Amino acid sequence: MKTKLAIIGVGLIGGSLGLCLKEKLGDDIFITGLCRTQKSMDLALERGAVDMASADVKAVVEDADIIFLATPVLQMVPMLKKILPHLKEGAILTDAGSTKAYLWQHIKDILPAGIHYIAGHPMTGREKSGVEAASADLFVHKAYVIVEDTGAPPEAHERLMAILRHTEANFLRLDIQKHDRCASIISQVPHVTEAALVTLLNQSAGDMESCLKLAGGGFKDTTRIASSNADMWADICMTNSEAITSHLRDLQAILGTVIDAIEAGDREAVHHYFAASKERRDAILDRTGKMYDLV
């Protein structure tokens, strides 16, 4: 039986999922995509990420077996309220949101019986956004979190995973709270920090031109995701604020300790800071390198 998948937001993540599944499943899957503009619809169709694109919510989600929410996080709940009246009994709702507790808190009270929500978070991305940046291999070997504590039955999980396994992602199960804490440390605080480094450069005033001449691959790599979609990241900070602010304060304390050691001329303490960091990072990469492409 042909699977009908509706992608809400055919951008980088939604578009990449569409490209992957059309490449792997061909005519065994029919993909509809909700796009805001005619230009986005045309590009999604041209690239082959969807079989049908529309700005009409009902036309996109009606009769869909699986609905994949891939909008910025703060747009997901309002969008869900729009699509719920048009979902069929037994439909599976999943998402690509980077924060999970906020979504579940708002979704659980409006989700009708017979509509199964399975929270997800593919830990992948690029500094560019939009379906033009989408790629069929975006998920390959990347961590993809599936949250199991949202009440969906095992058969719904298996139906969803039968489709998502084609992404060749590395799937793992986490509860909602642990997901949000870990995502903050691994992805969200680093992004805030990268943006801060760009801001620091921007505030260098008269040194800007000289700094730019010195900026090589290291600066480019370190600040890569500072070029990511601002709407997405603002929403992430608003919906995982407790974990992000707590970890930023922890980071602030670490930097404060380093500042004190440098100001005191304590080379041994500074050396220990770098040596311990190198040892820990090397151990992490050795342990995980064969399992995941780390973000």
query = Over region 9-88, how many percent of alpha carbon pairs lie in each 10 Å bin up to the one with the longest distance?
reply = 19, 55, 25, 1
ask   = Which whole-number percent of Cα pairs in region 3-174 have a distance greater than 29 Å?
value = 9 percent
message = Please list the three semi-axes, largest first and in whole Å, of the ellipsoid equivalent to region 135-187, using sqrt of 5 times the eigenvalues of its alpha carbon gyration tensor.
response = 19, 18, 6
message = Based on C-alpha coordinates, I'd like the Rg and Dmax of region 179-288, in Å.
response = 16.1, 44
query = Out of His116, Thr222, Cys211, whose Cα points farthest toward the positive end of the dipole of the chain (charges: +1 Lys, Arg; -1 Asp, Glu; placed on Cβ)?
reply = His116
request  = Would you mind computing, in nm to one decimal, how far apart the modelled labels at Asp250 and Lys81 are, each placed 7 Å from Cα along Cα→Cβ?
outcome  = 3.5 nm
key: Antiparallel DSSP beta bridges within region 3-174, percent to nearest 5   = 15 percent
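Would you mind calculating the gained length between Ala205 and Glu263 on full extension (0.36 nm times residue separation, minus the Cα-Cα distance), in nm to one decimal?
Here the answer is 18.5 nm.
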request  = Considering the convex hull of the alpha carbon atoms of the chain, report its projected area averaged over all viewing directions, in nm², one decimal.
outcome  = 17.5 nm²
Centroid-to-centroid separation of region 221-254 and region 159-209 [C-alpha atoms, Å] = 8 Å
task = Please list 226-233, 23-30 highest first by mean number of surrounding beta-carbon atoms within 10 Å per residue.
result = 226-233, 23-30
DSSP beta bridges in the chain [antiparallel fraction, %, rounded to 5] = 15 percent
inquiry  = Given Cα positions, please report Rg to Rh for region 1-52, the hydrodynamic radius being the Kirkwood one.
reply    = 0.94
task = Set the Förster distance to 35 Å, then compute FRET efficiency between Asp286 and Glu46 from the Cβ-Cβ distance, nearest 0.05.
result = 0.20
ask   = Once Rh is set to the Kirkwood radius over Cα pairs, what Stokes-Einstein translational diffusion coefficient, in µm²/s, holds for region 232-273 at a temperature of 25 °C and a viscosity of 0.890 mPa s?
value = 206 µm²/s
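Rounded to two decimals, what ratio of Rg to Rh does region 133-243 give with C-alpha atoms and a Kirkwood Rh?
Rounded to two decimals, Rg over Rh is 1.09.
Readers should treat all values here as calculations from the given coordinates under stated rules, not as data from a laboratory. A quick note: this is a predicted structure, and the numbers were derived from the prediction, not measured. So basically every Cβ, Gly included, is an ideal-geometry build from the backbone, and we count neighbours across all protein chains shown.
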